[in-house]
Amino acid sequence: MSPEKLKSFEKPQLSIARTLFDAKCVLLNFEKPFTFSSGIQSPIKIDCEKLTKFPFYFQSVVAGFASIIHQNYLDFDYFCGVIKGGVPFANSLGRKFSKPVVARLGRKQDEERRKLFSGEISPNSQVLLIEDVITSVESVAIVGE
């Protein structure tokens, strides 16, 4: 049975959450919080990159994301995956929606802020950002010119 059919009776957000728990991607440590590359600390970490090793779980999450995009009538020109965990999701969604994909480079690749993206984005384009880890909006930056 395909991931799309398996949990079609659930809200996509619940299906995604259930999949992340089933795949053991949700990590909790209240005594020693996780420190992300941004420096932000959190007692919760969701390891989305782990999903790429389990195609069934990965496709289930992609199907959930696709459902959310459809349900909310999101209109955009590009998918942008954040290096490195967001890129596989952006690539899969790009194929599913027939949209181009670019990647948001990480801090190490972006130290001098000369090049923020791999790939080209047309001016005035709408971009759907696929982040790999978000615990607060502090680590998300809107880039526009």
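The values are calculated or read from the model by the stated rules, or taken from the named source; none is laboratory data. Just so it is clear, the structure is predicted and the values come from calculations on it, not from any experiment. Note that each Cβ is placed from the backbone with ideal geometry, even for glycine, and that neighbours are counted across all protein chains shown. For the accessible areas, the whole protein counts, side chains as well, though only heavy atoms, and no ligand, DNA or RNA atoms are used. Shrake-Rupley method; radii C 1.70, N 1.55, O 1.52, S 1.80 Å.
On average, how much accessible surface per residue is there in segment 10-69, in Å², for a 1.4 Å probe, leaving out ligands, DNA and RNA? Numbers along the way, then the final one.
On the way: 3540 Å² over 60 residues.
Using a 1.4 Å probe on heavy atoms only, each residue of segment 10-69 averages 59 Å².
About the Cα centre of segment 1-99, how large is the charge dipole given +1 on each Lys and Arg Cβ and -1 on each Asp and Glu Cβ? Please answer in debye to the nearest 20.
220
Taking R0 as 41 Å, what's the FRET efficiency between D47 and D77 from their Cβ-Cβ distance, rounded to 0.05?
That gives a FRET efficiency of 0.90.
If each residue of separation counts as 0.36 nm, what is the full-extension length gain between E120 and F54 once their alpha-carbon separation is subtracted?
Stretched out fully, the E120 to F54 stretch lengthens by 20.7 nm.
Can you give me the distance in nm between label points at L28 and K99, each placed 7 Å from the Cα along the Cα-to-Cβ direction?
Spacing of the two 7 Å Cα→Cβ label points: 3.3 nm.
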